[in-house]
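Report on the following structure.
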Amino acid sequence: MSKPDAFSAYDPILAQTPSSDPWLHGPGEARRYGPDFDLLGKLLSVPVQSGEVSESGRFAKGIDAWLSHELRRSGFGEDEVWPRATRPRVLPRDLAVLLDKLPNKVADEVRRRLPQLPSVGPADAKVLGRAYYKQVDVCIARWDRGPELLISTKAQLSSFGKNLPNRFEEAYGDAANLRGRYPLAAVGFFFVQRATILESEPDAFERTVDMIRKLRDLEGANGYTATGLALVDWSGSADELPQVNLHSDEIPDDVGPAQFLSAMIHHVTKVTPVVHHVAVRSKMERRGIPVAEQDSADAMAEASGAE
């Protein structure tokens, strides 16, 4: 299409990863989500091996790419979740539907031009909150439904205790900004730290866990719908490339990635009618749901017929 973007290095890995069922529970059992931690390690190994490790940039994009893949695993459509697995990363679903309907030659030409039209296919998803625009790292939105899921991701790889208050302040402000305008949306905060914090600054890790819990919504106080924490680390000698590994055992279950994804997905279904996100509900509820997915065009047709 055009020159590579910040996600391009992850495309081959995602293309080779099957979209397996993420839910581990059986019918009638309590919800239990199983994140693909192996994939997260592979994605984050890309910037580590290339020496592009920073708290923003390609490392952070790897987190976004992983969360987007997890949402697609759960049943959300390929064009519903941004960033998309292919360029353009942000593409209104209605435009994606139009491209599928166009003759191949015309559709290919439109796709070629999209990167040159940032107002149509922007590189990042920016949404208006109550007080200011916010770049959202992972998003599910449609014109007929509005924003349904908004996730902010942050990485912290060093200077943990020193910078933690700033992360807390920024995150809390973003939660109030987004929830103030979109009270029904699933608004989440996902934090990734390097596991060296456990030995170098154990006090900062305790404060981190406390922060992740306190950022959640309490009695309508405009906190996040869900928050989550992941610990990663890597090492390598001159003879081998470093591989990123997850440290899951050190994270309390109530702040881990599994509960975060489960809570975010469940909230989206909880605040929408059963005729929306049918595939997501069927996977999560472990049953076939006997309704068809309703689109905005279907709803308008039904309303016209009723009149």
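Quick rundown of the values:
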| item | result |
| --- | --- |
| Selection count where residues are surrounded by fewer than 20 Cβ atoms within 10 Å (Cβ to Cβ) and not in a helix (DSSP H, G or I), scope the stretch 277-299 | 10 |
| Scan of the stretch 65-112 for residues that are touching a Gly at 6+ places or on another chain (Cβ under 7 Å) and of a type outside the set (A, V, I, L, M, F, W, C), ordered by number | P88 |
| When residues of the stretch 220-233 are limited to those that are modelled with pLDDT under 95 and in contact with a helix residue (DSSP H, G or I) (Cβ under 8 Å, 6 or more places away or on another chain), the one nearest to R181 (Cα to Cα) | N222 |
| Some residue of the stretch 62-73 being more than 21 Å from V280 (Cα to Cα), modelled with pLDDT of 85 or more and not basic (K, R) | yes |
| Matching option when the condition is under 17 Å from H267 (Cα atoms) and not hydroxyl-bearing (S, T, Y), among L241, L218, L246, L231 | L218 |
| Residue check for L91: in contact with a helix residue (DSSP H, G or I) (Cβ under 9 Å, 6 or more places away or on another chain), of a type outside the set (D, E, K, R), crowded, with 17+ Cβ neighbours inside 10 Å and at pLDDT below 90 | yes |
| Pairs where the first residue, in the stretch 140-154, is more than 11 Å from L178 (Cα to Cα) and in contact (Cβ under 8 Å) with a residue 40 or more places away in the chain and the second is basic (K, R) and assigned to a strand (DSSP E or B), C-beta under 8 Å, 6+ apart | E148/R142 |
| Complete set of residues in the stretch 2-54 that are of a type in the set (G, A, S), modelled with pLDDT of 95 or more and part of a loop (DSSP other than H, G, I, E, B) | G26, A30, G34 |
| Filter pass, A85 being touching a helix residue (DSSP H, G or I) at 6+ places or on another chain (Cβ under 6 Å), part of a loop (DSSP other than H, G, I, E, B) and among the small types (G, A, S) | yes |
| Single residue of G223, G228, G256 found to be farther than 21 Å from L44 by Cβ and among the small types (G, A, S) | G223 |
| The stretch 94-124: number of residues that are assigned to a loop (DSSP other than H, G, I, E, B) and touching a helix residue (DSSP H, G or I) at 6+ places or on another chain (Cβ under 9 Å) | 4 |
| In the stretch 42-72, the residues that are more than 12 Å from the chain's Cα centre (by Cα) and crowded, with 18+ Cβ neighbours inside 10 Å | K42, L43, L44, S45, V46, P47, V48, V53, R58, F59 |
| Subset of the stretch 124-151 (residues that are of a type in the set (G, A, S), surrounded by 16 or more Cβ atoms within 10 Å (Cβ to Cβ) and out of contact with any Cys (no Cβ under 9 Å at 6 or more places or on another chain)) | G129, A141 |
| Neighbours by Cβ (under 6 Å, 6+ apart or cross-chain): first from the stretch 109-138, within 18 Å of L99 (Cα to Cα) and of a type outside the set (S, T, N, Q); second modelled with pLDDT of 70 or more and outside any loop (DSSP other than H, G, I, E, B) | G121/L114 |
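The values are calculated or read from the model by the stated rules, or taken from the named source; none is laboratory data. The shown structure was predicted, so the numbers you read here are calculated from the model rather than taken from an experiment. Cβ sites come from the backbone with ideal geometry, for glycine too, and all protein chains shown count toward neighbours.
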